[in-house]
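Colleague: Below is the structure I would like to discuss, written out as structure tokens.
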Amino acid sequence: MLDSMIKKAMPTRAEVTDVANAIYGTGNIRMYANAGKKITFDDGINSHNTNGAIIVSNVGNVTFNDSVTGNTIEQQAGTVNLNASLGEGYTLKAGTLNINAKANSETVISKAITGVGTGTKSLNFQPVSAENSSIVLNGDVTGISSMNQAGGKVQLNAMMNGIYNVNGGE
């Protein structure tokens with residue numbers, strides 16, 4: 001949904017062009033959530049446009065409940081909850097990324113998570129339980145201000161650079 005559709009019945013020509021470019025794979029997908037607002041994606045995002053990116057520019061909260069493949073994600077601010085697998089890289093410029101594993105499932109991060117710039121960057125791993133869920137990191141994790149694990153199982157198959165706090169779990 002376009003932000004203008006909250007206030008007006010019809011989007012502008014520029015907004016229609018932006019959406020069309022994102023759909024046809026010639027541009028980036030931008031997501032905005034104002035302070036105190038939430039955006040939730042219950043269905044997966046699968047794009048064959050490997051040149052495009054999902055850019056999250058928000059001060060609110062964005063949640064992905066199904067897998068994201070074919071696009072990198074660039075988070076510029078706010079909080080992102082990743083409750084499913086990620087097939088491409090993730091760039092964190094500022095804000096908090098929560099990677100969660102649902103009960104009886106495995107959340108796989110296939111590529112690198114990279115912190116860039118001077119903003120504060122937090123990465124939290126939140127598996128539901130040690131026996132039934134896990135988070136698997138197959139890409140390097142670098143440039144993150146703080147990383148925290150709140151129980152459960154996190155499997156690291158690559159390099160991690162930074163301070164890592166484990167509060168229970170393995």
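The values are calculated or read from the model by the stated rules, or taken from the named source; none is laboratory data. These numbers come from a predicted model, not from an experiment. All Cβ positions, even for glycine, are placed from backbone atoms using ideal geometry, and neighbour counts span all protein chains on display.
Colleague: Out of 136, 108, 116, which single residue is farther than 19 Å from residue 40 by Cα and in contact with a Lys or Arg (Cβ under 8 Å, 6 or more places away or on another chain)? Before the answer, list the steps.
Modeller: Values: 136 fails: in contact with a Lys or Arg (Cβ under 8 Å, 6 or more places away or on another chain); 108 fails: in contact with a Lys or Arg (Cβ under 8 Å, 6 or more places away or on another chain).
After applying the criteria, what remains is 116.
Colleague: What about residue 65, is it surrounded by 16 or more Cβ atoms within 10 Å (Cβ to Cβ), of a type outside the set (Lys, Arg) and closer than 23 Å to residue 40 by Cβ?
Modeller: Details: surrounded by 16 or more Cβ atoms within 10 Å (Cβ to Cβ): no; of a type outside the set (Lys, Arg): yes; closer than 23 Å to residue 40 by Cβ: yes.
It is false that residue 65 is surrounded by 16 or more Cβ atoms within 10 Å (Cβ to Cβ), of a type outside the set (Lys, Arg) and closer than 23 Å to residue 40 by Cβ.
Colleague: Select, from 133, 110, the only residue that is closer than 20 Å to residue 63 by Cα and modelled with pLDDT of 85 or more. First the steps, then the outcome.
Modeller: Working: 133 fails: modelled with pLDDT of 85 or more.
Selected residue: 110, the only one of 133, 110 that is closer than 20 Å to residue 63 by Cα and modelled with pLDDT of 85 or more.
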